[in-house]
There are 2 protein chains.
Amino acid sequence: MYGLISQLKAQAGQREALLVLLLKSLGAMPGCRSYVVARDEADADALWITEIWDDQVSHDASLTLPPVQETIARARPLIAGFGTRVVTTPLGGIGLTLGEGHDPPHATRGTTR
Amino acid sequence: MYGLISQLKAQAGQREALLVLLLKSLGAMPGCRSYVVARDEADADALWITEIWDDQVSHDASLTLPPVQETIARARPLIAGFGTRVVTTPLGGIGLTLGEGHDPPHATRGTTR
C-alpha cells in the first residue's frame with residue numbers, strides 16, 4: 001500500500017470553501033482505500049488529507065482523472081501553500097476500503113501486507 | 001468526528017517489532033472508524049498512526065480497554081519518543097468505517113458532518 005499524509009494551508013478565510021470543494025468532489029478512484037479530509041484543530045487555515053492507495057501507481061493515475069483534474073483547478077486559488085507531507089507504507093488497520101480485487105477481505109484488518 | 005495523526009519513533013532497530021505488535025493488537029474498539037498503522041518512508045525508525053473516532057469520548061474510552069492497556073504496556077519499551085501529533089476534525093471521505101449506529105451509510109462518503 002501507498003500512503004500520503006498532507007497538510008494544506010488555505011488562503012485566509014477560505015478553509016471551509018476548500019473543504020466543501022474537496023468533499024463534494026470525492027468520487028470513485030480506482031485503487032483508493034481511504035481518503036479523508038479533516039480540519040486542523042490547531043490552525044484555522046489548515047486542513048489535512050490522509051490517503052491510502054493500493055500502490056503509488058494507482059495514486060499517480062488518479063491525478064489524471066478528469067474529475068480530479070477539475071477539482072485541482074478549482075481548489076488552486078483557495079490554497080495558500082502546503083505544509084507537512086509524509087509518504088508512508090500503510091501495513092494494515094481498520095477502515096481500509098478494499099481495492100480493485102487485489103486482496104482478500106482479511107487484508108483490511110491487522111495484516112502486514 | 002475526532003482524528004489523530006501521530007508519529008512514533010521506535011527504539012533503534014525496533015520499528016518492525018513495534019509495527020507487528022500494534023497490528024496484531026487491533027481489535028474491536030467502539031466508536032473507531034479508522035485506525036491505520038504505517039511505516040514512515042523518510043525515517044527508518046518512525047511510524048505513523050492515523051485514527052478517526054466518532055468523538056473524543058470514544059477515543060479516550062478506548063485507552064481504558066484491557067487489550068489496549070496491554071498493548072500500551074508491551075509497546076512502551078519499544079518506543080523512543082513521539083514526533084508530530086495533530087488533532088483533527090475529520091469531515092468525510094472514503095474508508096470511514098461506520099461507528100456504533102450513530103450515522104446513516106451515506107455519512108461515510110463526502111459528508112460535512
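The values are calculated or read from the model by the stated rules, or taken from the named source; none is laboratory data. As the structure is a computational prediction, the values presented were derived from the model and not from experiment. Cβ atoms come from the backbone with ideal geometry, glycine included; neighbour counts cover every protein chain shown.
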| remark: Picking from A:G81, A:G92, the residue that is closer than 28 Å to B:K9 by Cα, part of a strand (DSSP E or B) and modelled with pLDDT under 95 would be A:G92
| message | Could you go through region A:1-15 and let me know if any residue there is touching a Ser or Thr at 6+ places or on another chain (Cβ under 9 Å), among the hydrophobic types (A, V, I, L, M, F, W, C), assigned to a loop (DSSP other than H, G, I, E, B) and modelled with pLDDT of 95 or more. | response | yes
| request: Kindly indicate whether A:L19 is modelled with pLDDT of 95 or more, touching a helix residue (DSSP H, G or I) at 6+ places or on another chain (Cβ under 8 Å) and surrounded by 13 or more Cβ atoms within 10 Å (Cβ to Cβ). | output: no
| said: Filter region B:47-91 down to the residues that are aliphatic (A, V, I, L, M) and either within 13 Å of the chain's Cα centre (by Cα) or at the interface with chain A (Cβ under 9 Å from one of its Cβ atoms) (or both) and list them by number. | reply: B:L47, B:I49, B:I52, B:L63, B:V68, B:I72, B:V86, B:V87, B:L91
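Count, please, the residues in region B:25-72 that happen to be among the small types (G, A, S) and either assigned to a helix (DSSP H, G or I) or surrounded by 19 or more Cβ atoms within 10 Å (Cβ to Cβ) (or both). Working first, answer last.
Of region B:25-72, the ones among the small types (G, A, S) are B:25, B:27-28, B:31, B:34, B:38, B:42, B:44, B:46, B:58, B:61-62.
Remaining after also requiring either assigned to a helix (DSSP H, G or I) or surrounded by 19 or more Cβ atoms within 10 Å (Cβ to Cβ) (or both): B:31, B:34, B:38, B:46, B:58, B:61-62.
Within region B:25-72, residues that are among the small types (G, A, S) and either assigned to a helix (DSSP H, G or I) or surrounded by 19 or more Cβ atoms within 10 Å (Cβ to Cβ) (or both) number 7.
Okay, residues lined up against (1) without any contact (Cβ under 8 Å) to a residue 60 or more places away in the chain; (2) more than 17 Å from A:G3 (Cα to Cα); (3) β-branched (V, I, T):
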position	(1), (2), (3)
A:A17	no, yes, no
A:C32	no, no, no
A:I49	yes, no, yes
A:I52	yes, no, yes
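Please count how many residues of region B:3-41 are under 18 Å from B:D54 (Cα atoms) and either within 7 Å of another protein chain (Cβ to nearest Cβ) or hydroxyl-bearing (S, T, Y) (or both). So that I can check it myself, show each step before the final result.
Start the filter on region B:3-41 by keeping residues that are under 18 Å from B:D54 (Cα atoms), which leaves B:3-6, B:26-36.
Filter once more, keeping what is either within 7 Å of another protein chain (Cβ to nearest Cβ) or hydroxyl-bearing (S, T, Y) (or both): B:3, B:5-6, B:26, B:32-36.
Counting residues in region B:3-41 that are under 18 Å from B:D54 (Cα atoms) and either within 7 Å of another protein chain (Cβ to nearest Cβ) or hydroxyl-bearing (S, T, Y) (or both) gives 9.
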